[in-house]
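Each reported figure results from applying straightforward, stated rules to the coordinates on display, with no laboratory input. Remember, predicted model here, so these are calculated numbers, not experimental data. Note: ideal-geometry Cβ built from the backbone for every residue, glycine included; neighbour counts use all protein chains shown.
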Amino acid sequence: MRNTLIEMNLTLVRYVARRFSSRKESMEDVLQVGTIGLIKAIDRYDASRDVEFTTLAVPYIQGEIKRFFRDTTWSVHVPRRLQELRIDLARAREELEGQGSHEPSAAELAEHLDMPEDEVAEGLVACNGYDSDSIDRPIQAGSGGRQQTGFVADLIGTEDPALALAEDIQALKPHLAKLDDRERTLLQLRFGAEMTQTEIGDALNLSQMHVSRLLTRICSKLREGLLATA
């Protein structure tokens, strides 16, 4: 059952991954990492709660991908100790900048973090090996009273037009399950195999007119089901 749920929702992983398609990392690696997020979402999903699965899954998938980029976007090899120090320095800089009006010096950062100044200086130099901005960094756009707050990640990638299709497929699943075998076969041949009504009629020993009426009735049934649950 778990594997079936994973396979049914891989389209969602591909949708989220496409938002990061401009990155230099292999899309195959991104999809694998996103699938880990999907698995975590499946393990934590509670069907008894009135929450759509996609509402839970997208943040998990996106979070795993962001962590992947955070840990792999170094242009040169930097020791793990300095990679972690970069994060501490970034947080300390934000805190100190919030308290004053100037960029904190290495000495101020060292005092704030309670560590030797030369170690802080080494960490600041190591930051030059990080070749991209943090996708979690808050940003502001606009001017005057029209400023909008967001994150760098919001500017990466574009909306995939296939998302609406993926959502429609998810919404159709419970209604498709109510169809009988012949109705599902007709839909598979028409929309899956992309056969014409005449070809379907030849395959099932039905007239083209009969196939047309059956497909119209099936589509009407699905449409009514979707409208009833909207």
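Taking the Cα atoms of the range 178-229, the ratio Rg/Rh between the radius of gyration and the Kirkwood radius comes to 1.00.
Local charge for residue 41 was computed over the other residues whose Cβ lies under 14 Å away, with Lys and Arg +1 and Asp and Glu -1, and equals 0. Taking Cβ atoms as reference points and 12 Å as the exclusive limit, the residues near residue 190 contribute a net charge of -2, counting Lys and Arg as +1 and Asp and Glu as -1. Using equal-weight Cα scatterers in the Debye expression, the normalised intensity of the range 2-72 in log10 at q = 0.13, 0.20, 0.21 Å⁻¹ is -0.34, -0.75, -0.82.
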